[in-house]
Each structure stands twice: as C-alpha cells, then as structure tokens.
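J.: Before we start, here is the structure in question, set down as structure tokens.
Nothing in this text is a laboratory measurement; each read-out follows from the coordinates by a stated rule. Please read these numbers as outputs of a predicted model, since none were measured by experiment. Methodologically, a virtual Cβ is constructed for each residue, glycine included, from the backbone with ideal geometry; neighbour enumeration extends over all protein chains shown.
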Amino acid sequence: MEDRPQHSDEPSKGDGPAHAESAPVIAPGYTIGSITDQISSIVLTRPTSRGWWIGFGIAFLIVMVLHAAIAYLLVKGVGIWGINVPVAWGFAIVNFVWWIGIGHAGTLISAILLLLHQEWRTSINRFAEAMTLFAVACAGLFPLLHMGRPWFFYWLIPYPNTMGLWPQFRSPLVWDVFAVATYFTVSLLFWYVGLIPDLATLRDRSQSRVGRVIYGILAMGWRGSARHWHRYEVAYLLMAGLATPLVVSVHTVVSFDFAIAIVPGWHSTIFPPYFVAGAIFSGFAMVLTLAIPIRAIYGLEGFITLRHLENMAKILLVTGLCVAYGYLMEAFMAFYSASKYEQFLALNRAFGPYAPFYWALLVCNVLTPQVLWFRRWRQNVGILFIVAIVVNIGMWLERFVIVMSLHRDYMPSAWGMYSPTVWDWATFIGTLGLFVALLFLFIRFLPVISIFEMRTLVPEAQVREEHGATEAGSVTGELRTT
Amino acid sequence: MSAAAELPPRPEWDRVQRTALVAGVLGLGLCVLGGLVGQALEGASNENFLRSLFGLDQFFRSYLVAYLFVLGIGLGSWVLLMVHHLTGGQWGWALRGVLRAGTHTIPLLVLLFLPLLLGLRDLYPWMRWAQEDIQESQTLQFKTLYLNAPFFLGRAFVYLAAWVGFSVVLLRWSAGLPHSPAEPEPRRLRMLSSPGLLAYGLTITFASIDWVMSIEPLWYSTIYGPLFATGQALSGMAFAIAALVGLAPPVELSAVITRKQLRDLGNLMLAFILLWTYMSFAQFLLIWSANLPEEVIWYKRRLQGGWQFVGVLLILLHFVLPFLLLLSRDVKHNPRTLATVATLILGIHLVDLYWVIVPGFFPFQDFRLHWMDPAAVVGLGGIWLAFFLRELRRQPLLPEPLLTEENHHG
C-alpha cells in the first residue's frame, strides 16, 4: 500500500488527507506511455463491443420515447401531465432540480478540488464533467417544456422588443435562466478546454483519416509546446476560479425558486445551503453510480482506485449529514415557530397522503449513508454502489416531497392531489435514456480519464517536478501564477 | 513528556498576561459593581439618568454579548482543531499550538456561563410571560413547550457538558504529540473528531436558538444555527492567526511558517468570510422578499434608529474590505498584514454580535451603547486571554520546522 506515497514526500503540498496509510491515487507500475496506451485504446484501438451496442441501443430507444413524449406534449399542451392547481409544478420541477443537483459534482470535482490541491480528483474529473453537462442538458428540458409554449422561451431573456416585454426580475425563475445558462456554458468550456491536450493525443494516435481530421479540428492546433502548456494552465486555473462560485450559485438560485414563494415548507432560510449540500450529495452519488461500473467494464481499477471511491464516500457522508441537518431544522422550526401552517405542513409530510415518500426519503438519505462511517464498508465496492443508487433515489424523493408541499397550503378549499400521468413518466424516463445515451457516446469517442493529468501522477513526472518547479505537476498548483 | 521541558519560558508574554488579567478583573469588577449599584438604586432613586447608568439588567445584557464573543473564539478553536485532525493540511500545523490553547479554555468558558443563569429573567422575555397571557395565546403555549426554565437549564447543561467532555478528551489524547505531520496521528483522534463535530453542530444550533434567538421569542429562521456557527469558526480562525503572529517572535515565525501556510490561512479566513456573507445574505433576501410580518420585524428593528448604519458597516467591514484584502497575495504573505486583517475581522464580528443581540432587547429604539458593553468585553476578554496565555505556555507555539528530518520520539 505504501510503496508509492504520491503525497507524503512533498511537504509543500501536504493538503492531502492526514493519514498516510490510504491507498495511492494511481496503481503502482504505470508509466507515462502505458497510461496513454490504456486510456486512449478505449477510443482508438479496441473494437466497439457488443455490450456497448446493446447498452447504447436500449438508451437510444428510450430517447425515442422522450421524443414521442415531447412531440405529444407540443401537440396537446401541458394538460397531458398530471399537473393541476394547486400542484402546478409536478414532475417537471422535481426532475429539473434532481438533474441539476446531479450536475453539481462535475464542477465541484474539477474546480474546487483542483483549487484545494486534491490530486485524487484527476482520474474522475473528466467523466464527472461530462456527466454534469449531460445532466444539465436533461435538467434544462423540463422548465422549457413546462412553459407550455417552449418556442417562446426567449421571452425570459431581457431583449429589446416591439411588444415592450420585459422579464420580471424579482422572480427567481428568471434568475434561473441566467444561473443555469451560465453554468452550462462555463461547464462546457471547462470540459472542452480540459480535453484539448487529450484530443491532440487522439489526433496523433488515430489510425483513421476521419479520426485524425475530427480530433485535429477539435484539438485546435495543439502542439504541446512549453508556451502552449504555460498558457493552458493559466487559463485552466482561471476557469476553475470562475467556475467555483457557480457550483454554489446555481443551486442557491434553484432553492430561491422555492424559498422566495411564501408557501409553508418552501419559505425557509436554510434552503440555499441545504440545497447546495443536497446537490453535491446527489452529484457524488451519481459519480459513484457511474464510476463503479465503468472502472469494472473497462479495467480502469488502476486509475480509479479504492482511494477515489473512499474519498467520494466520505464526501457523500458529510453532505448527507448536512442534508439530514436541513430536515431536522425544517421539522424543529415548524414546531418552534408556532405557526399553525408550518406545523400542519410538518405533520402532513409525516402522516399525510404522501407520507410514505417522506419516510422513504429519510431512510434513503439519512439512514443509508450512515454505513459509510465504517472504512470496511467504504472500501466495499458493492456496498458503495448500492448506497449511491439509494441516495440517487432518495434525492429524487426529497424534491418530490418538497414540491408536494403545494398540495395543501393555507386554504383547505384549495387543496388537491397530484399524481403523475404516463406522459410524466415517459418524459422523466426519457431523460434518463438521453443521459445514458450521451454517456455511451462520450465513452466511445472521448477519453474518459484525463490522459495528460494522469501522466503527472506517475513517479517519472514527480521527479521532474522536483527539479523544474512548475513543470508537469503544476496543473494542481497555484490559482494565479503572477 | 520530555517536550514540555524544552518549552521556552516566554518572559515577553508576562506583561501581556498581567495586563490582560488586571484589565479583565477591573472591567468585570466595574460591571458587577455597576449592576449592584443599579440594584441598590432600585426604588431608592427615581432619577432616570442614574438608573440608566447602572442596572443589573444592563449588566446581564452586556455580559451576554461579551460572553458569546469569547465563547465563539474558544469553541471556534476547538472546531478548527477537530477539522484539522480529520483532514490534515499545512494550515492546521501552523495554528496547532494556538488552537490547542484556545480549546483548553472551554472549561473556563463553562464557568463564565454560570453568572448568566442569575439573569435569565432580565434577558429572556419568555421568562417574564404571565401565566394568563400564556393561557390565552396558543402561540405562547407552543413557545413555552420549548422555552421554559427547566428545559432551558437542562439543555444548557447538555451543551456545556458536551463541549467540555469532547474537548478535554481530545486534548488529553493529543497531548505531547509533535506539532508536525512527520508521523501519522493516532487514529483515535480522528475517531473522536467526527462525533465531536457532529455534537458541536447540534449543540451550537440549539444553544444559539436558546441563548440568542429566543431574546425575540416569536422570531425564527432556520439558517440561524449554521450562521452562528460560521461566526464562531471565523472568530476562532481570526483570533488564532492574530495570536500566532502577535505572540511568536518574528524571527522564529519567519523561520518556521512558510508563505504557502500563510496563504492557506488567509484563504481559509476568506472562505469563512464568504460563508458568513452567503448565509447572512440568504437570510436577508428570503425574509425581505417574503415580507412576512413575523419574520421581517427582525430586520425592521435592526434597520432603524441608527442601527441601519451598523448594518451598513457590517456589509463594508465584515464582507467587502476583508474580501478585497484577502484576495491579495501580498496581504496574505506578510504575517503582519494578515494578522491586522484578522484583528479587524475579530473586531467586526463583535459588532455583528452586538447588532444581532442588542436590538432584540430594545425593540424599535435608537442605537445605544452602554458603558458596560465595552467594559464587559474587556472584562471577559481579559480574563480569557490571561487564561489562554497560561495554557499556551504549556505547549509549543510554533510547529516543528518542515524541512528537518529529525526523529521526534526524543
């Protein structure tokens, strides 16, 4: 275990975990060449497996279901969904918040952990970022479709027009447009910039002419000169700095969608940090859900080691506790406030018509992650996978429970029930298919793990770093190089 | 341990320690005297000026603000210590000695809490609610389920016991360990720190509700606990940085503490500033935009009668100025400037506590500052600082230099 302690021999970078006995961030024995070979072979040399075709085929069929659901929606209108008054926000907002929450891990891993000098992030950031993009794309569909006439979405954007239309800037839904659009743009740029050196590697190694041309165009003339690397690293770190506030801002604005409204159970000052913690919680759960099968199928255990899984499990545990604290505060303040509406809401959640969802969410999000207190279970891949999936379900249930606050608010005469229709389910499952299909394409055509950043982790690169201060490893270095 | 024998005598601290103790006893003594004089004047004189100058109720109000200020430093040190046991990192080694000494003061802080028990009726309106009012109002009935003297005392006992229990055991288990990452720390320190942080999170939430929020018993905000805890972590961090730079001889400091460590310390302080700002703004925006009478009254009281200028001051000095300063590398690399920023933050956090607490005692009255307010801060702060220095002498102030490869078993 201790034959290649990547961190502990560099005291100036001692921000890693205090315990030296943890597993290495890359399995021993890799060289710069073998890393490049193994990761790029998934894209370039390995034949497309039958499993890939079957998996992609199924996902593609589900995307067709999504298309059908959207087409029917456009023909008939949102009445085909189960939404009504009082529950005007049904599955659409549940799924929106769920997907956008999942989309938080990518930028957290790539930006914040980079700035915190957490080297272990290197092998998971690439596909976590890809996951982020796909999740945000799925998320963005729901508010658009929920508008009823999605082709008028641009009315949300302030632009001079003859109709004198101007968005309501006091509405957090308008803030959402800016927050999500910014997040998607910056995440996409961050992901793409991170890919450029690897795209050049693929261009150089590709056997086919088509591959060389496409990867060549995407690599934007990358030659790997010292000047390229220098500018690249400055740009990458600046983007990390820019992306960091976005991790917090997007879900903060999403929480405002609820908390600005004065609906009991929604208007709660803890919502912003509690939503951000929940987003990171669900995002890491999804990263684990994807990382565990991918590393098994493509034999990447040497890159995504137990150390990565364990660290993610710890983040899952911490953010899970934050979310549990949020539930506790909501319930406690409902009674402490002595507001009969808040009290009714708390009781209605626990014992009303949707009570089973509430208790299920507590089991999924509060009880289940507690197994991660124990190292033996954190290092058990099977248990981790199950916990991650349970947390994914639990976070979906949480959003469902929050949205269902609408069904009984102040006036009993305005109460109602919500149940999703087959079209709600078709749209939701359709986006799952879209997400998985995009992931399959990503795995097939781009390197799932950052090749050039993994190269900086092997011992050869470490030696070089000791001589030339900011050469290979300085991607994990300073924010400002001035 | 033999390490204790090698500790320098630090004669240069004697004067600070003596001054702190004298000022502390004097300040607190004056406050107690002011309180007792007020009690004696009760009924004896009707002169408003004298009555306003002295008073037991004023004593408790000033004492509460000062107490929560020093409590924040003590508990903040403990929290940062536990975080460091769990995560490691160079920043924590730089502060290890100061944070440990700060944590050592928790038993003293428990002792200093006891006088407040005599003032519960003066501090908390729910202690003064008449029985018939409670009978009539369903709201008050609900409130008194949680806000009543026996339950309050029971809870306070649990908080204080948890703080002392966890911190004393933690300090005992880590006593005599070298202040350096050369050897891995015993596993049990981590095993204790996770439940310790959990216990802190829960106890400080309810302590802040009990001791501060219930001054305005009808008001509530779910983010209150985290916001209060962030303030404590910030105080602990700012005090530790200021103490490290202020107490260590400059030569030793620059020999041991690297620029990177100083930068990390500055960045952490910046992170806490941002967290405090984020939560404060979230609470303000949500309450302002909802404009519900039972919630918005809290800000109404704090944004009139001169208090609004304190609010603006908080935005400028608790966020804008430290934020801009701590972005600069030059500020962070120079221990003096970093310590100056830390001192500023510590000071403005005291103002924050004052702004949060005092308007609750005097709803919709003008800004006021009683002579006992600064006197109580000097009193409790002085006594606490003297005790802190006494504890600091018992451990290495600075970590062991990073570059030496010596054997620490010595």
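J.: For the residue pair A:TYR154 and B:PHE367, what label-to-label distance in nm results when each label sits 7 Å from Cα along the Cα-to-beta-carbon direction?
T.: 5.1
J.: Semi-axes of the equivalent ellipsoid for segment A:37-104, please: Cα gyration tensor eigenvalues, times 5, square-rooted, ordered largest first, whole Å.
T.: Output for segment A:37-104: semi-axes of 37, 17, 8 Å.
J.: Take every residue in peptide B:279-289, count the Cβ atoms of other chains within 10 Å of its Cβ, and give the average of those counts.
T.: Mean shielding by partner chains, rounded to a whole number: 4.
J.: With a ≥ b ≥ c taken as the square roots of the eigenvalues of the C-alpha gyration tensor of segment A:132-253, please select rounded if a/c is under 1.5 and otherwise prolate if a/b is larger than b/c or oblate if it is not?
T.: The shape class here is prolate.
J.: If you take each beta carbon of peptide A:331-337 and count the beta carbons of other chains within 10 angstrom, what is the mean?
T.: 6
J.: To continue, here is another question. Going by alpha carbons, how many degrees (0 to 90, nearest 10) lie between the helix axis of B:224-247 and the longest principal axis of chain B?
T.: Helix B:224-247 sits roughly 40 degrees off the main axis of chain B.
J.: Run lengths n ≥ 4 of DSSP H only: what is the helix-derived mean residue ellipticity at 222 nm for the protein assembly as shown, with -39500 (n - 2.57) per run over all residues, to the nearest 500?
T.: So the calculated ellipticity at 222 nm is -22500 deg cm²/dmol.
J.: Hey, with R₀ at 60 Å, roughly what FRET efficiency would A:ILE214 and B:SER137 work out to, going by the Cβ-Cβ distance, to 0.05?
T.: E between A:ILE214 and B:SER137, to the nearest 0.05, is 0.25.
J.: Now for a separate question. Is segment A:363-414 rounded, prolate or oblate when judged by the Cα gyration tensor, a ≥ b ≥ c being the square roots of its eigenvalues, rounded requiring a/c under 1.5 and prolate requiring a/b larger than b/c?
T.: Values: a/c = 7.18, a/b = 3.65, b/c = 1.97.
In terms of gyration-tensor shape, prolate.
J.: Please get the size of the charge dipole for segment A:363-450, origin at its Cα centre, with Cβ charges of +1 on Lys and Arg and -1 on Asp and Glu, quoted in debye to the nearest 20. Walk me through the intermediate numbers first.
T.: Working: 6 positive and 3 negative charges, 91 e Å.
Dipole size: approximately 440 debye.
J.: What percent does the relative contact order of chain A come to when contacts are Cα pairs within less than 8 Å and at least six residues apart?
T.: Averaging sequence separation for qualifying contacts and normalising by length gives 30 percent for chain A.
J.: Which residue, B:GLY360, B:GLY305, B:GLY97, has the most motion in a Gaussian network model of chain B that connects Cα atoms within less than 10 Å?
T.: Result for chain B, Cα springs under 10 Å: B:GLY305 fluctuates most.
J.: Determine ³J(HN,Hα), in whole Hz, for all residues of segment B:56-62 in sequence, where each value follows from phi through the Karplus function 6.51 cos²θ - 1.76 cosθ + 1.60 and θ = phi - 60°; x replaces Gly and Pro.
T.: With the stated coefficients, segment B:56-62 comes to 5, 4, 5, 4, 5, 4, 5 Hz.
J.: Over its Cα atoms, what ratio of radius of gyration to 2.2 N^0.38 Å does chain A give? Don't jump to the answer; show the numbers that get you there.
T.: Details: Rg = 23.5 Å, N = 482, 2.2 N^0.38 = 23.0 Å.
The reported ratio for this selection is 1.02.
J.: Need the list of lysines near B:LYS332 for cross-linking: C-alpha distance under 24 angstrom, and skip anything on the same chain fewer than eight residues off.
T.: Reachable lysines: A:LYS13, B:LYS260.
J.: Nearest 10 degrees, 0 to 90: what angle lies between the long axis of helix A:422-445 and the longest principal axis of chain A (Cα atoms)?
T.: Taking the Cα atoms of chain A, the angle to A:422-445 is about 10 degrees.
J.: Can you work out the FRET efficiency for the pair B:ALA182 and A:PHE374, with r the C-beta to C-beta distance and R0 = 25 Å, to the nearest 0.05?
T.: Working: r = 28 Å, r/R0 = 1.13.
Using R0 = 25 Å, I get an efficiency of 0.30.
J.: What's the exposure ranking of A:ILE32, B:ILE209, going from fewest to most Cβ atoms within 10 Å? Working shown, then result.
T.: Numbers: A:ILE32 17, B:ILE209 22.
Ascending Cβ contact count within 10 Å gives the list A:ILE32, B:ILE209.
J.: Now for a separate question. For A:MET220, what is the net charge nearby, where nearby means another residue's Cβ is under 13 Å from its Cβ and Lys, Arg count +1, Asp, Glu -1?
T.: Computed value for this residue: +2.
J.: Another question, then. Whole-Hz Karplus ³J(HN,Hα) for segment A:60-74, in order, using 6.51 cos²θ - 1.76 cosθ + 1.60 and θ = phi - 60°, x for Gly and Pro?
T.: 5, 4, 5, 4, 5, 4, 4, 4, 4, 5, 5, 4, 5, 4, 5
J.: Can you compute the modelled spin-label distance between A:PHE351 and A:THR182, with each label point 7 Å from Cα toward Cβ, in nm?
T.: That separation, rounded to one decimal, is 4.5 nm.
J.: For chain B, what does the relative contact order come out to in percent, with C-alpha contacts under 8 Å and a separation of six or more?
T.: The value is 34 percent.
J.: Grab the alpha carbons of segment B:253-405, take their convex hull, and tell me the volume per residue in Å³.
T.: Output value, Cα hull per residue: 141 Å³.
J.: While we're looking at this one, here's another question. Taking the Cα centre of each part, how many Å lie between segment A:169-241 and segment A:349-425?
T.: Their Cα centres are 36 Å away from one another.
J.: Tell me the net charge near A:VAL254. Cut-off is 14 Å between Cβ atoms, A:VAL254 excluded, with +1 for each Lys or Arg and -1 for each Asp or Glu.
T.: Surrounding charge for A:VAL254 is -2.
J.: Would you mind computing, in nm to one decimal, how far apart the modelled labels at A:LEU165 and B:VAL16 are, each placed 7 Å from Cα along Cα→Cβ?
T.: With each label point 7 Å from Cα toward Cβ, the separation is 6.5 nm.
J.: Same structure, new question: Just to verify a number: FRET efficiency for A:ILE429 and A:ALA296, C-beta to C-beta distance, R0 = 35 Å, to 0.05? Provide the component values of the computation, followed by the final result.
T.: Working: r = 25 Å, r/R0 = 0.71.
It comes out at approximately 0.90.
J.: I need two numbers for segment B:322-363: Rg to one decimal and Dmax as a whole number, Cα atoms only, in Å.
T.: Cα only, segment B:322-363: 14.3, 44 Å (Rg, Dmax).
J.: Report Rg/Rh for chain B, rounded to two decimals, where Rg is the Cα radius of gyration and Rh the Kirkwood radius.
T.: Ratio of gyration radius to Kirkwood radius: 0.98.
J.: Moving to a separate point now. What ranking, highest mean first, results for peptides A:425-431, A:55-61, A:397-403 when packing means the other Cβ atoms within 10 Å averaged over each residue?
T.: Answer by packing, highest mean first, reads A:397-403, A:425-431, A:55-61.
J.: If you line up the Cα atoms of segment B:188-331 on their principal axes, what length do they span on each, largest first, in Å?
T.: Largest first, segment B:188-331 extends 57, 40, 22 Å along its Cα principal axes.
J.: For segment B:307-324 and segment B:143-206, what is the separation of their Cα centres, given in Å?
T.: 32
J.: Give me the extension gain from B:LEU26 to B:PHE151: residue separation times 0.36 nm, minus the current Cα-Cα distance, reported in nm with one decimal.
T.: 41.6 nm
J.: If you don't mind, there's one more thing I want to ask. When the Cα centres of segment B:23-40 and segment A:122-152 are compared, how far apart do they sit, in Å?
T.: Distance between centres, Cα-based: 63 Å.
J.: Let me know the mean shielding of B:191-198 by other chains, meaning the per-residue number of their Cβ atoms within 10 Å of its Cβ.
T.: Working: counts 1, 0, 0, 5, 1, 0, 2, 2.
So the per-residue partner count for this stretch is 1.
J.: Sticking with this one: I'm a student and want to see the number: the projected area of the Cα convex hull of segment A:287-379, averaged over all directions, in nm².
T.: On the way: hull surface 29.4 nm².
Spelled out: convex hull of the Cα atoms, projected over all directions, averaged, 7.4 nm².
J.: If Rh is defined by the Kirkwood formula over all Cα pairs and Rg also comes from Cα, what ratio Rg/Rh do you get for the protein assembly as shown?
T.: 0.98
J.: Using a cut-off of 16 Å between alpha-carbon atoms, which lysines can reach A:LYS340, once sequence neighbours fewer than 8 places away in the same chain are excluded?
T.: Within the straight-line cut-off, A:LYS340 pairs with B:LYS143.
J.: Which whole number of Å³ per residue matches the convex hull of the alpha-carbon atoms in segment A:255-341?
T.: In segment A:255-341, the Cα convex hull volume per residue is 92 Å³.
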